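The values are calculated or read from the model by the stated rules, or taken from the named source; none is laboratory data. Quick caveat, the model's predicted, so the values are computed rather than measured. Neighbour counts are summed over all protein chains in view; Cβ atoms, including those assigned to glycine, are modelled from backbone coordinates with ideal geometry. When the accessible area is computed, the model is the full protein with side chains, heavy atoms only, and any ligands, DNA or RNA have been set aside. Shrake-Rupley method; radii C 1.70, N 1.55, O 1.52, S 1.80 Å.
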Amino acid sequence: MKDFTATRRSTLKFLAAGTGVLAAPAIIRPAFAQSKVVNITTYDKFVPQSFIDQFQKDTGIEVRIRLTDDQGKQYNVLSAEGETPSTDIVTVTGHRLSQFIGSKLLTPLDTGRLKNWDKLASAYKGAPQLTVDGSVYGVPLLAGFEGLARNTDYTEASDSWAIMFDQEYKGLTSYIISDFLQITMRYQGNDGDFVAYEGKPEEAQAATNKARDYLIQNKDMVRKYYDAGSEVQQMFVNEDIYVAHSWSGPAAKLIMDGHPIEISVPKEGTYGFLYSFNVVKNGPNTDAAYTFLDAILSSPEIGAAMSRQSGFASAFDGVDKVLNDKERAAMTLPQEQTERIQFFSSVNRDMKNEMVDKAVAEIKAA
């Protein structure tokens, strides 16, 4: 799998990238009743080692981490283990929940067992993004989103994606075609996530074609189409571009490094991923799993540590007050902008993938 910003479908891997070092994971042993153990499958840098150390000291529960870099790998392991899973907690993105739930691999979260459940940020209160058929299926952790990145030395503040088509920045913009095509659909008042087009292929194709044609019409605005986050970072550093569509991770790293970059969510909105911790059905250490989940929700300092290590926004309340000014500028958004993020759905993904891929090829060929 390529760098997470390489394509619309490969964003997952990058969401696991960040700074810091996580201690070597313990080996997860075969499933059996272990009241003083919790087995967690997650991404590198998601759980701060300082939190693990304190949790183990306070509770006597050993934390065993199995690292993953792909949603499919987690799904395949759980499916293979069947009724006797070796994992208690997994880390699933919102738009992949239905796959795990449909295969009966997760159990609904008993939020009554989490005394710190109300410590989620307001945008995640009750975890509506993780609610399926009235049941909550995870604890929200970190969010990554597609944002409007701009060099503040050479651009004026903008609250609209229209800046990407402003002639003042002709030849000074950049984006990942597949991702920005969906943003352009949203900018035009259509559904870039294709949920509204389930069973309506003609309507979906018309909306896709409208965005495709608009990007072709404005092709001279683009300095370069990019694939990897490192590319857009380098273009900003070299001042080859002033404005770009970027995933939050690459932009956050530029801000943290002191470059004059700002990332925002324009008024038309955007799309994002939400990672959560999820309780595995028939996991061997359910009580320990709930103890771990409640502890990780217990304070904004923990959420801040997770953000620092992963580079992504925390779902916990009060984290913005813990971060310093530079960290806050890099990894948090004003509340009104956070509420503009629509998290990708699992609905109608085959149609979306097919139509977006075709449109991307046509834009490149134009």
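List of remarks:
- If you plug the beta carbon distance of E239 and K210 into 1/(1 + (r/R0)^6) with R0 = 25 Å, you get a FRET efficiency near 0.15.
- Calculated from backbone phi, Karplus (6.51, -1.76, 1.60) coupling profile of the range 178-192 in Hz, x at Gly/Pro: 4, 6, 6, 4, 5, 5, 5, 4, 5, 4, 8, x, 10, 9, x
- Highest-fluctuation residue, A121, A289, A251 considered, GNM on the chain with Cα pairs under 10 Å: A121
- Sequence-separation-based contact order of the chain, relative, with Cα cut under 8 Å and 6+ spacing, percent: 28
- Amide H contacts of G147: S246, W247, S248, each under 5 Å away and 5 or more positions distant or on a separate chain (H built 1.01 Å from N in the peptide plane; Pro and chain starts excluded).
- Under 5 Å from the amide H of E62 lie the amide H atoms of V37, V38, each residue being 5 or more positions distant or on a separate chain, with H modelled from the backbone and absent for Pro and chain starts.
- Note on A196/K36: beta-carbon distance plugged into 1/(1 + (r/R0)^6) with R0 of 56 Å gives a FRET efficiency of 0.70.
- Under the Debye formula (equal points on every Cα, no solvent term), log10 I(q)/I(0) of the chain at q = 0.09, 0.15 Å⁻¹: -0.50, -1.30
- The chain: antiparallel DSSP beta bridges as a percent of all, rounded to 5: 60
- Compared with the dominant principal axis of the Cα atoms in the chain, helix 201-217 is inclined by about 60°.
- Note on the chain: GNM, Cα springs under 10 Å; of A143, A305, A80, the largest mean-square fluctuation is that of A80.
- The residues S307, S230, S345, sorted by heavy-atom accessible surface at 1.4 Å with ligands and nucleic acids left out, run S230, S345, S307 from largest to smallest.
- Full extension of the chain segment joining S135 with Q49 gains 27.9 nm, where the gain is 0.36 nm per residue of separation less the Cα-Cα distance.
- The range 214-366, accessible surface, carbon-and-sulfur percent (1.4 angstrom probe): 46
- Only helices enter the 222 nm calculation for the chain: every DSSP H run of n ≥ 4 contributes -39,500 (n - 2.57), and dividing by all residues gives -10500 deg cm²/dmol, rounded to 500.
- Cα-based helix-to-principal-axis angle, 286-296 vs the chain, degrees rounded to 10: 50
- Peptides 81-92, 254-265, 101-112 ordered by packing proxy, namely the average of other Cβ atoms within 10 Å per residue, highest first: 81-92, 254-265, 101-112.
- Hypothetical label at E336: residues of the range 137-167 whose amide nitrogen lies under 16 Å (7 Å Cα-Cβ projection): 157-161
- Cβ-Cβ distance of N282 and N116, R₀ of 25 Å, FRET efficiency by 1/(1 + (r/R0)^6): the value works out to about 0.50.
- Hypothetical label at D357: residues of the range 65-89 whose amide nitrogen lies under 18 Å (7 Å Cα-Cβ projection): 72
- Relative contact order, percent, the range 188-329 [alpha-carbon distance under 8 Å, six or more residues apart]: 15
- What the chain shows is 40 Å² of accessible area per residue, with the surface traced by a 1.4 Å probe over protein heavy atoms.
- Degrees separating the helix 71-81 axis from the principal Cα axis of the chain, which is the longest one: 30
- Peptides 156-167, 232-243 ranked from most to least packed give 232-243, 156-167, packing being the mean of other C-beta atoms within 10 angstrom over each peptide's residues.
- Working ranking of peptides 291-300, 215-224 by packing, defined as the average number of other Cβ atoms within 10 Å per residue, highest first, is 291-300, 215-224.
- Cα centroid separation - the range 136-186 against the range 290-366, whole Å: 14
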